[in-house]
Amino acid sequence: MRKLILSVLAVLAAPGIAQAQECDRACLELVVDTYLNAMVAKDLSALPLAADVRFAENGVQLEPGQGSWATIDGLGTYRHVFADPHSGNVGVITTVTEHGAPAMLDLRLHVAGGRIDAIETLYIRDPGGYARYEEMAEPEATWLDVVPEGQRLSRNQMVAVVNRYFSAMVRNDGRGDYTFFHPDCDRLEHGLRTTNLPTSEAYGHSQNTDFRSMDCRRQFGMGFLGFVTDIRDRRFLVLDEERQTVLAMVYLDHDGSVRELPLSTGDTFVLPPYFNVPRGLTVVEGFKLMDGMIHRIEMTLIETPYGNPPPWTDGADVRVIP
């Protein structure tokens, strides 16, 4: 596999070829495989890195080979790949082990001129999420379905739909237009289903048992998420036009000022102590679009300092909305 990927990228890097020939889906998926295998083997030489490659983990710029490269020693079963031959970006939500302990890894690579010139990772130490993903083994089949060309949104339209989701979550009051959700929308958070549950279960840091029983539209219509005071630096990393999927990285801010929320049910949601102080979350979130609406959501996250910026601010290889 190493020889194959290096030979493919060498062809793409040849003068006059890189501009006329793209790294297609199979090529990008091979790049992901090669990167993950090289990480476990601690072998940077196996990767076709650009001389000016940038590497970041959990929002901090490091040198390639640092961070989790020193500790990740195995690959799990679950692997959900998002590929964008148009931009040269490829992303994956996957499972790994660290000194044998379970963890999750989000990865985004950018390939240009036959070289990897950008690497971003979100490393998540969550044994529960790992276990749920390993039980799933693979993404739900709908994520991988190819959408007929005549039914696809354009790249700009894909970004616009997902951006409506982020904007509707900020200071969510239940009074917005939430028709960007497909009627059959379902959502996973670290492999945990958070929508359409047949039984009542508490959500997150709250004791609310209604939220997870609702569909996506009803959840936003409840006004339960108003404690999210900003979603900034919205970075659309991968736009998979063929499958109509989007992989985004955003920064959720909770400024600690929201103490109570009036819900559309007539109840008042008193925020749990977790939200008493400013908090930030770095989020990598995948979206499957169907009929121009959000059909599936897959969310992963880590807690980061409030106001934590992205590792680099320019958007040369990704779409960025402040």
Cβ charges +1 (Lys, Arg) and -1 (Asp, Glu), total dipole of segment 146-321, debye
140
Among G113, L30, V81, the residue whose Cα sits farthest towards the positive end of the charge dipole of segment 2-138 (+1 at Cβ of Lys and Arg, -1 at Cβ of Asp and Glu, taken about the Cα centre) is G113
State the Cα centre-to-centre distance between segment 179-214 and segment 101-166 in whole Å.
20
Mind listing the long-range amide H neighbours of H295? Cut-off is under 5 Å, sequence gap 5 or more, other chains count too, H placed in the peptide plane at 1.01 Å from N.
H182, K288, L289, M290
Test item: Cα-centred dipole of the chain, Lys/Arg +1 and Asp/Glu -1 on Cβ, debye:
280
Correct choice for Cα Rg over 2.2 N^0.38 Å that was computed from the model, options (i) 1.00; (ii) 0.95; (iii) 1.13
(i)
Using only the C-alpha atoms of segment 2-138, find the volume of their convex hull and express it per residue in Å³.
97
Bins of 10 Å, starting at 0 and running to the largest distance - Cα pair percent for segment 251-321:
16, 30, 37, 16, 2
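For segment 157-263, which trypsin sites (Lys or Arg not before Pro) are both in a DSSP coil and crowded by at most 12 other Cβ atoms within 10 Å?
Loop-located and lightly packed - R175, R259.
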Across segment 92-101, in residue order, what do the Karplus-derived ³J(HN,Hα) couplings come to in whole Hz, using 6.51 cos²θ - 1.76 cosθ + 1.60 with θ = phi - 60° and x for Gly and Pro?
8, 10, 8, 10, 9, 10, 10, 6, x, 8
Plugging the Cβ-Cβ distance of A316 and D267 into 1/(1 + (r/R0)^6) at R0 = 35 Å yields, to the nearest 0.05, a FRET efficiency of 0.15
Grab the DSSP H runs of the chain that are 4 residues or longer, score each as -39,500 (n - 2.57), total them, divide by all residues and round the 222 nm result to the nearest 500 deg cm²/dmol.
-6000 deg cm²/dmol
Given a 10 angstrom Cα cut-off, can you work out which residue in G91, G150, G221 is the most mobile in a GNM of the chain?
G150
Under the Karplus relation 6.51 cos²θ - 1.76 cosθ + 1.60, θ = phi - 60°, what is the ordered set of whole-Hz ³J(HN,Hα) values for segment 146-155, x standing for Gly and Pro?
7, 8, x, 4, x, 9, 8, 7, 6, 4
Give the long-range amide H neighbours of T195: residues separated by 5 or more places, or on another chain, with amide H under 5 Å away, using H modelled in the peptide plane at 1.01 Å from N.
R187
Can you list the residues, at least 5 places off or on another chain, whose amide H is less than 5 Å from the amide H of A50, using H built in the peptide plane?
I116, D117
Run the quick spin-label model on A141 and A50: label points 7 Å from Cα toward the beta carbon, then report their separation in nm to one decimal.
3.9
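All of the numbers you see were taken from the coordinates with simple rules; none came from a lab. This is a predicted model, so every value here is computed, not measured. Glycine gets a Cβ as well: all are built from the backbone with ideal geometry, and neighbour counts include every protein chain shown.
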